[in-house]
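See structure below.
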């Protein structure tokens, strides 16, 4: 009998009191709650609340000074860490639980408790660098999960990022690490300005990064061609033992923060390709974490299509 998909979530967040509209707000999780509830009622997912990560574990990928800075800012908030990244007192617990969810989900998939997992968390993480919060991200959730898997003894971990924005923080974390392969397809040039095709890794991992820089207007055809072609080829060459996914739904045609044209069905097709690759290469071991996605209809619809394939 197939095990249900594990889905880690925590919706007990307070709205940031920074004034005005900000796209990365608690309503993002409220948009997707009906999807989660429906899938849980069908028995397709098992919902588990997030365990928080410890401050010590955050230093696996982040400088201790950065951790302390974020903690202090949250306690004194509401305030801003940069023009895009705002925090309030509740942000600290939210960030610890977001990182903790992806780490715990990865451990549970690794030990066979679950076959796959999706982490419906915020804030997102793939822009966060070792010493810098940016792009709505405080800590790099997926990078922390990769470090946790390395500590469990894995030697080859792959991260696939289909958020419309390049995951500069994840790339920087593993630029020179032969144990982690990072692949991203994203709008380019666009925020944060990184992710050019010639960015392929450091001297110890010269082919450890794969960037597909897509122009504005790219849609289902371009995304699927990359996932089924260059990405699949690179993953087969790398031979991952585990697949982590930065799942951004801001490449949808209706999302306000970029100019890609992915359809709702396209996210389901991406999910199917990634599941098939995980089955082929790493015994199905796959954990995905929510990154971007800011449209109140496109986010839940795209997520449902993706989760049904998982």
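Out of 95, 99, 146, 117, report the one residue that is out of contact with any strand residue (DSSP E or B) (no Cβ under 9 Å at 6 or more places or on another chain) and not in a loop (DSSP other than H, G, I, E, B). Walk me through how you get there before you give the answer.
On the way: 95 fails: out of contact with any strand residue (DSSP E or B) (no Cβ under 9 Å at 6 or more places or on another chain); 146 fails: out of contact with any strand residue (DSSP E or B) (no Cβ under 9 Å at 6 or more places or on another chain); 117 fails: out of contact with any strand residue (DSSP E or B) (no Cβ under 9 Å at 6 or more places or on another chain).
Result: 99 is the single residue among 95, 99, 146, 117 that is out of contact with any strand residue (DSSP E or B) (no Cβ under 9 Å at 6 or more places or on another chain) and not in a loop (DSSP other than H, G, I, E, B).
Answer yes or no as to whether residue 2 is assigned to a loop (DSSP other than H, G, I, E, B) and either at pLDDT 90 or above or closer than 29 Å to residue 171 by Cβ (or both). Give the derivation first.
Numbers: assigned to a loop (DSSP other than H, G, I, E, B): yes; either at pLDDT 90 or above or closer than 29 Å to residue 171 by Cβ (or both): no.
Spelling it out, it is not the case that residue 2 is assigned to a loop (DSSP other than H, G, I, E, B) and either at pLDDT 90 or above or closer than 29 Å to residue 171 by Cβ (or both).
Which is under 20 Å from residue 309 (Cα atoms) and either in contact with a helix residue (DSSP H, G or I) (Cβ under 7 Å, 6 or more places away or on another chain) or at pLDDT below 95 (or both), of 44, 40?
Values: 40 fails: either in contact with a helix residue (DSSP H, G or I) (Cβ under 7 Å, 6 or more places away or on another chain) or at pLDDT below 95 (or both).
Answer to the check: 44.
Residue 229: more than 19 Å from the chain's Cα centre (by Cα), loosely packed, with under 15 Cβ neighbours inside 10 Å and farther than 29 Å from residue 113 by Cα, yes or no?
In short, yes.
State whether one or more residues within region 154-162 are out of contact with any helix residue (DSSP H, G or I) (no Cβ under 7 Å at 6 or more places or on another chain), farther than 24 Å from residue 224 by Cβ and either at pLDDT 95 or above or not in a loop (DSSP other than H, G, I, E, B) (or both). Give the steps one after another, and end with the answer.
Taking region 154-162 and keeping what is out of contact with any helix residue (DSSP H, G or I) (no Cβ under 7 Å at 6 or more places or on another chain), we get 154-155.
So of that shortlist, the ones also farther than 24 Å from residue 224 by Cβ come out as 154-155.
Filter once more, keeping what is either at pLDDT 95 or above or not in a loop (DSSP other than H, G, I, E, B) (or both): 154-155.
Yes; the residues of region 154-162 include at least one that is out of contact with any helix residue (DSSP H, G or I) (no Cβ under 7 Å at 6 or more places or on another chain), farther than 24 Å from residue 224 by Cβ and either at pLDDT 95 or above or not in a loop (DSSP other than H, G, I, E, B) (or both).
Sort out which residues of region 50-86 are in a strand (DSSP E or B) and in contact with a helix residue (DSSP H, G or I) (Cβ under 8 Å, 6 or more places away or on another chain), and write them in order of number. Steps first, answer last, please.
At the first step, the residues of region 50-86 found to be in a strand (DSSP E or B) are 79-80, 86.
Across region 50-86, the qualifying residue is only 79.
If I ask for residues that are touching a strand residue (DSSP E or B) at 6+ places or on another chain (Cβ under 8 Å), surrounded by fewer than 22 Cβ atoms within 10 Å (Cβ to Cβ) and within 21 Å of residue 228 (Cα to Cα), which ones from region 278-310 would you list?
Across region 278-310, the qualifying residues are 281, 282, 284.
Of all residues in region 163-175, which are part of a loop (DSSP other than H, G, I, E, B) and either within 26 Å of residue 74 (Cβ to Cβ) or in contact with a strand residue (DSSP E or B) (Cβ under 6 Å, 6 or more places away or on another chain) (or both)? Don't jump to the end; show me each part of the working.
Initially, region 163-175 is screened for residues part of a loop (DSSP other than H, G, I, E, B), giving 163-167, 174-175.
163, 164, 165, 166, 167, 174, listed by residue number.
Quick check, is residue 123 assigned to a loop (DSSP other than H, G, I, E, B) and surrounded by fewer than 20 Cβ atoms within 10 Å (Cβ to Cβ)?
Working: assigned to a loop (DSSP other than H, G, I, E, B): yes; surrounded by fewer than 20 Cβ atoms within 10 Å (Cβ to Cβ): no.
Considered against the rule, which asks whether it is assigned to a loop (DSSP other than H, G, I, E, B) and surrounded by fewer than 20 Cβ atoms within 10 Å (Cβ to Cβ), residue 123 comes out as no.
Select, from 246, 251, 263, the only residue that is over 18 Å from the mean Cα position of the chain (by Cα) and touching a residue at least 40 places away in the same chain (Cβ under 8 Å).
On the way: 246 fails: over 18 Å from the mean Cα position of the chain (by Cα); 251 fails: over 18 Å from the mean Cα position of the chain (by Cα).
None of the others qualify; the one that does is 263.
The values are calculated or read from the model by the stated rules, or taken from the named source; none is laboratory data. Since the structure is predicted, the reported quantities are computational estimates derived from the model, not experimental observations. Ideal geometry is used to build each Cβ from the backbone, glycine not excepted, and the neighbour counts take in all protein chains shown.
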